[in-house]
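The values are calculated or read from the model by the stated rules, or taken from the named source; none is laboratory data. These numbers were taken from a predicted model, which means no experiment stands behind them. Neighbour counts run over all protein chains shown; Cβ positions are idealised from the backbone, glycine included. Protein only, heavy atoms only, side chains kept; ligands, DNA and RNA dropped before computing areas. Shrake-Rupley method; radii C 1.70, N 1.55, O 1.52, S 1.80 Å.
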Amino acid sequence: MRETKLGADMPRTPSWRLDGRRALVTGAGRGIGMAAAVALAEAGADVTLVARSAPEVQGVATALRAAGHRASAATLDVTDAESVARFVRETGPYPILVNNAGTNRPAPLTDTPDGDIDVMLDLNVRAALVVAREVVRGLVAAGQGGSIIQISSQMGHVGAARRTVYCASKHALEGMTKALACEVGPHGIRVNSVCPTFIATDMTRAQLERQDFRAEVLAKIPLGRLGELCDIMGPVVFLASDAAALMTGASLLVDGGWTAA
Ligand code: NAP
């Protein structure tokens, strides 16, 4: 086949590669955070994985290194603001952040104790703000741009029974994404969110094993299936990469059409 070259006047597809870029992924020991870390490492990033359980993040980092990728792991509780600040100061700057650590304790609001409200808002909102703040401080001090990717949820766009606090937290994350995008755009830092539908992880598996709940969920997804970990990997790499260079304050719905219906 004759090799043809694109003329210099033709636009070129920006690269999705992340070679040489450092990435911090919170809650990277399992589930969606692990998938984000693998995706970024496979795209060439040097990934730092953090969570509270050392064996999980270390296991993922070891597997990534064994496959020839660049990865390290550390124990970090992202709800401990002082530790987060120290960690990012000592190990950053991070031009890519996946703000992923999050949780849910589904129940009607009237049955939700103060402690559960605190746990969800502390991790899903306050810790996300603190981690983003420290990463932005590091980038601005270094005069570097970057990409912050918030793992939000379709529940950041719609409501659902038994999810009032979770929805409040994810709608907050969506607001944070837009506001921070406005604030840090002039520094060349982009902020976007990825909003998955239900994916079977430790957070959701027990609920999804209940056939009535699973059927209720599937009925709301036009594509007719639950999400899988690999479904969020492309969107995360895309948002981290130069292919998304003009995207900020945006929300990528990875929901099989849940919010379109
Ligand atoms: P998961 O399987 O429960 O994993 C959560 C991860 O976060 C774990 O690595 C956990 O590790 C870490 N983590 C929890 N508390 C932490 C803390 N204080 N400091 C640092 N790390 C912490 O959950 P997932 O389903 O993958 O969910 C990840 C994100 O996706 C969450 O923000 C969730 O809201 C969002 N999401 C999930 C779904 C879904 O259907 N699964 C759908 C939409 C959005 P340690 O316990 O070791 O710290």
Work through the residues other than Gly256 whose Cβ is under 12 Å from its Cβ and net out their charges, Lys, Arg +1 and Asp, Glu -1. -1
Test of understanding: what is the full-extension gain from Ala85 to Ile117, defined as 0.36 nm times their sequence separation minus their Cα-Cα distance? 9.1 nm
With every protein chain left in place, what is the accessible area per residue of the chain in square angstrom, probe 1.4 Å? 48
What is the projected area of the convex hull of the Cα atoms of segment 53-111, averaged over all directions, in nm²? 6.1
Given the whole protein assembly as supplied and a 1.4 Å probe, what does the accessible area of Thr201 come to in Å², nearest 10? 20
Sequence of Lys170, Lys5, Lys178, Lys220 from largest to smallest accessible area, 1.4 Å probe: Lys5, Lys178, Lys220, Lys170
Around Ala127: net Lys/Arg minus Asp/Glu count, Cβ-Cβ under 9 Å: -2
With each pseudo-label sitting 7 Å past Cα toward Cβ, what's the Ala66-Glu42 distance in nm, one decimal? 1.7
P(r) weight above 27 Å for the chain, C-alpha pairs, percent: 36
